[in-house]
Structure formats: C-alpha cells, structure tokens
Amino acid sequence: MLRTHTCGELRMEHTGTEVTLCGWVQRIRDKGGMIWIDLRDRYGLTQLILDESKTAPELLQTARTLGREFVVKATGEVIERVAKNPNLPTGDIEIRLTGLEVLNPAKLPPFLIEDETDGGDDLRMKYRYLDLRRGSVRRNLELRHRMAQQTRIYMDGQDFIEVETPVLIKSTPEGARDFVVPSRMNPGEFYALPQSPQTFKQLLMVSGFDRYYQIVKCFRDEDLRADRQPEFTQIDCEMSFIEQEDILQMFEGLIRHLFKNVKGIDLPEVPRMTYADAMQFYGSDKPDTRFGMPFVELKGAFDTVDLTSGKAFPVFDAAELVVGINAKGCAGYTRKQLDELTEWVKRPQIGAKGLVYVRYNPDGTLKSSVDKFYSEEDLKGWVAQFNTSGEPCEPGDLLLIMAGETAKARKQLNELRLEMGTRLGLRDPNKFSALWVLDFPLLEWGEEDGKPETGRWFAMHHPFTSPKPEDIPLLETDPGSVRANAYDMVINGTEVGGGSIRIFQKELQSMMFGKLGFTPEEAKAQFGFLLDAFEFGAPPHGGIAFGFDRLCSIFGGADSIRDFIAFPKNNSGRDVMIDSPSTIAQAQLDELKIAVK
Ligand code: ASP
C-alpha cells in the first residue's frame, strides 16, 4: 500500500504519528513563510503544511511545483491545528510534511473540483471522471451503493434469489420503442434490448423459482423528456402463489427497510389510495402527499349540488368540471400576485384559460374575481362545500378554482396545486411521504399520432396485467371501466415503482392480446413462448419493479436522476464524454449487411 491512512480518517488521537497519505491536490495556499495544501481522496480532505523556516529546500521546491489535481504521496507528522476547522471531519489536525512525491502531474482541470463548482452541465459531462471527484457527486454514488446493498440484504432475507436475464432479447412491449442490435450471424435479423425483464421473470415463475429479483439495466428508446435516461436501472421482482396484498406488504417492507437502513428514518405504514380517488382529489395518479390541499368539486360528477350553474357565468356554465383548492393563509395575496398566478396557469405548459379566486378575508367576508355573477351567499355555499369535502376553510384562506373538460381541468389544477405547495414550502425534499395507488384501469384508449382511425385500446401497465376478476365480464361491454390488479408506489409525488398481478391462464392472455389488437398469429409470433409456457403449469404470480435511479435521487433529496448515475447520457441521449452514439466503419456495416442511406 502506498499510504498508511486515507485523507478522511485522521483525528486528534493520531497526533504525533508519522503518516503517509495519497491523493489529489485540491488547493494550495502559498503565503511565503507557510504553504498549505489541501489533499483530497475518496474519504475526505486533509490539510498539509510546510513551514519554510523548518523545511528542507528540496521539499519546498517540490511543493512549489504542485498544481491543482496533481497526484501526490505525502509523508509527515500529524499535529494539532492552531486554527481548527469545525466544518471538516479532519479539521482538528494537519500534517507537517517531511516528504512529498509527485506520483503524476495534472493539467489544469476545466472546472473547480469542489462541492460548489463553476463547471456548467456540458463541461461536467464531458469530463465526468473529474466531476466524479467532487464530494457532492461521489456521495450520491455512495448512497446508490448503500441502496443496492440494503436491497440485496432485504431481498435475500426474504428468500428472493437474484437471477440474471439476457440483454439480447426480443421485444417486450412496455409502451416504449426498443433499442435494437443487429445480428451479424443472422443477417437482416435483430435483437432487442429489454425494456424490462418482464417475460423472463414470468417464465422464472413457471420454472418454480417462486421469488426472483434482479437489479437490472433496462433500455427504452423514448423521446427524452427531461430527466429520463435511455438506459436505467430497476429493482425487478416477481413472486408466485401470492395475491396483491402480499406484494404490497412485501415491497412496502423493502421501502421501509431502505428508509430505516440507509437514512435512519422510520417510514410510517404506507397509505393506499385508489386511482379513481387520486384523480378526483389530486388530478394525478401520483399525488404528492407531503401536503393536503385536496380538490373540491363545485360542479362535476361527484357533486351532489351543482353550486355554479345557471348564474350566467358562461365559463362555469359551459364547464364539465368546476374544481378548486384551498391555498391556506393566502387571502392576503395582492392583485399583482393573483394576476401573476393567473398568467402562470395560462402558460402553454399548463394551458388553462383562466383562474377564478375567492378571498376568505380575515374579517370573514368573501370576495371573488367573479362577484359579478355570484353573490356572497353563493360563495358561502362554495366554502361550505370545501368544508365538507376538502380541508376546512378559515378566514385568511384563498380558494383557487379552475373549470373545463374534466381530464384537462384536473391536470391543470394538479399543476397549480403542486406550484402552490412549492410556494408555500410544503414540498421539503428531506421529508418523505409514500403512497400506494391501486386499482388502475386495465386499458386506455389511444391513437397513434393523433389519428382517430388508429384508435385502439392500449394496456395501461402492460399486456400481462390481470384484470380484477370481478371486472372480467366488462371486457366485452365496457373495456374502459375494467380495473386492473395493478399498483404503483409513489413517493413525494414521483412514481418510484409499479407492478401487477399477472395473467397466468393461456385463454385470458390470448383474449387480452386480442383486445389490444393483436391477431392470433401476431400474438403467437411475438409471445408464443409465453402462451406455451402457460400450458405447462404456470403458478399464479405477480410482481413489481422499482426505478432504482429515481429511488436513489429521492433518497438523496434531489430532483435529477443524472447525478445518481456514474456516467449518464444528456437530454439528447448522448454520452458526450465518449461521444456516443457515433457512426461505425463501413466494414462493420458491411459485415452486418446494413446499408446506411
Ligand atoms: N415490468 C414492469 C415495468 O417495467 C414492472 C412490473 O410489472 O413488474 O414497469
């Protein structure tokens, strides 16, 4: 070993010992009589010191040739610091140098390698190996490592076995496009990279493995929305001889184990909400439950009294849904603030036509932006509705109301609710609120490129998801209302995992493929192996997969998953460090029998 200690471990009890450290030079301060060097490695930072009057000239000379990021080996005595640094774990001591060897000089790095850096995103990505030297990024990967370790401990403890499934496979439909790999040995034929190991894990259940998991790379060729990666990692799991309740318990257990063992947090029992309630009360299938602010309908399907129609306010009269939230304590918002909020919901990203507000003044009076149409008596009715179906309103509150077609109005109010949550400081990234969302619809109607003639039913989760047995008859009469035995886990308004109880009978699976527009021949060509397997004793089974990168970013209190991936791709799916994707040589193309236009 070139070193006796790391740069993170020396403390007062080490004073008087001779040590050798290796690392990178983070900073040098040369004050003439004294030179200080901050030496960094994976474990921390230690200050080295040279006192000109007491140091050999050669040593001083070596020290004066150092630059940032030089790799050095430093030997000296641990001494107590005169000016201690309470912000640094090694801040009580420093090393009085007696030896210094440059192991490798370094070019000046293109950005500051410190927690707070001056490097922009692009530069940091191009020199990711330097970015990874920064403590803040390194700590994210350390967290990721602990998450993976603890996942394995929990899963192993529950008798799950980790089985690797292949990466060169055939398309598994999870709703995205496949990445494909040409086969040289089979010209004109392609492998697909797995969007998930879905069919393999189901086959492992047929094989009798009973409890499977894998921390596994998955690939989806999607148009990259912000903070998506074309390759990402899942904790992928499957179990046999279980019902939905068993899965919920088992994986709530995993999440609580992770919170406990990685963050020292006792996560309370995870509450549950149906998809229908999530949509009605939060306008989203992944509500952020760190705060309340539920939706209250003043006109809509769930309303017993229609509180807005027939008052000659055309917007509400025409609307399918009139729905609001209570922004607690915001009655004091100025006209300017309210105008700004109205503009905010009208931005194209939200797309609302407008925003109606009601101020519940501290003196108890009610004042709205639609006073022309609604009397104070009417507004009292609204408040009463909030009191019965939402969170009680009090003087000082502000009701924010939107209207329109149901799905749109809900989506827009969801955005506004999240925005108000943020503005009111209710979305602390270091607070955690988990939720199960249950009973998703089995199917959703979709069109390709907005062309009505291409309209058909799509599996909301994937084609292997089982309908709720009691809803199976509806598959013929009202497919859109069939509920699935499917569930998502949501933390802080982000979907971190999802899964379902699977179909395990050949007839039902064939019927499902039929509903999704596959001819029997197409179903056989694509999934014949699975349908065959279901004839050889498939057990009832189900599972779930967690987005591991996302889970890590939430545990790290961060918005972006990128900093929890060692070598991520940018928003155009490029790795700018290795410059990929890239063209390949003609000879390679020829070998693959691929003609590039
Ligand atoms: N394969 C599914 C997914 O990737 C998860 C599951 O159903 O287990 O979303």
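So the label point goes 7 Å from the Cα of residue 132 along Cα→C-beta, right? Which residues of region 230-245 then have their backbone N under 19 Å from it?
230-234
To the nearest 20 debye, what is the magnitude of the charge dipole of the chain about its Cα centre, counting +1 on the Cβ of each Lys and Arg and -1 on the Cβ of each Asp and Glu?
Roughly 1740 debye, rounded to the nearest 20.
Hey, got a sec? Which GluC sites (Glu not before Pro) in region 500-597 land in a DSSP loop and have at most 13 other Cβ atoms within 10 Å?
Taking region 500-597 and a limit of 13 other Cβ atoms within 10 Å, the loop GluC sites (Glu not before Pro) found are 535.
Quick one: Cα centre-to-centre distance for region 428-456 and region 546-562, in angstrom?
When both Cα centres are located, 21 Å separates them.
Taking 0.36 nm per residue of separation and subtracting the Cα-Cα distance, what length does fully extending residue 339 through residue 223 add?
Full extension from residue 339 to residue 223 adds 38.3 nm.
Need the full-extension length gain, residue 28 to residue 478, defined as separation in residues times 0.36 nm minus the C-alpha distance. One decimal, nm.
154.8 nm
Whole Å is fine, so just give me how far the alpha carbon centre of region 238-269 lies from that of region 166-203.
30
Quote to one decimal, in nm, the extra length available between residue 102 and residue 53 on full extension: 0.36 nm per residue of separation minus the C-alpha distance between them.
Full extension of this stretch gives 15.4 nm more.
From the mean inverse distance of alpha carbon pairs (Kirkwood) and the Cα radius of gyration, derive Rg over Rh for the chain.
With Rg and the Kirkwood Rh in hand, the quotient comes to 1.05.
Evaluate the distance, in nm, between pseudo-label points positioned 7 Å from the Cα of residue 570 and of residue 367 along their respective Cα→Cβ axes.
Here the answer is 5.1 nm between the modelled labels.
With the crude spin-label approximation of a point 7 Å out along Cα→Cβ, what separation in nm comes out for residue 241 versus residue 506?
Each label point lies 7 Å from its Cα, and together they span 2.4 nm.
In deg cm²/dmol, rounded to 500, what helix-only [θ] at 222 nm does the chain give when every DSSP H run of at least 4 residues adds -39500 (n - 2.57) and the total is split over its residues?
Mean residue ellipticity, 222 nm, calculated: -8500 deg cm²/dmol.
Give the residues of region 286-325 whose amide nitrogen is closer than 17 Å to a point set 7 Å from the Cα of residue 424 in the direction of its Cβ.
Flagged as within label range: 287-297, 323-325.
So how far, in whole Å, is the C-alpha centre of region 351-389 from the one of region 117-140?
50
List the lysines whose Cα lies under 17 Å from the Cα of residue 217, skipping any in the same chain that are fewer than 8 positions away.
The reachable lysines, counting only those whose Cα sits under 17 Å from residue 217, are 170, 201, 569.
Determine, for region 29-165, the count of lysine pairs separated by eight or more sequence positions (or lying on different chains) whose alpha-carbon distance falls under 29 Å.
10
In nm, to one decimal, how far is the residue 521 label point from the residue 494 one, both placed 7 Å along Cα→Cβ?
About 4.6 nm, to one decimal.
Ignoring solvent entirely, what values of log10 I(q)/I(0) come out of the Debye formula for region 497-563 at 0.14, 0.25 Å⁻¹ when each Cα is a single scatterer?
Reported log10 I(q)/I(0), two decimals: -0.60, -1.05.
Readers should treat all values here as calculations from the given coordinates under stated rules, not as data from a laboratory. No experiment lies behind these values; they were computed from the predicted model shown. We place every Cβ from the backbone using ideal geometry, glycine too, and count neighbours over all the protein chains shown.
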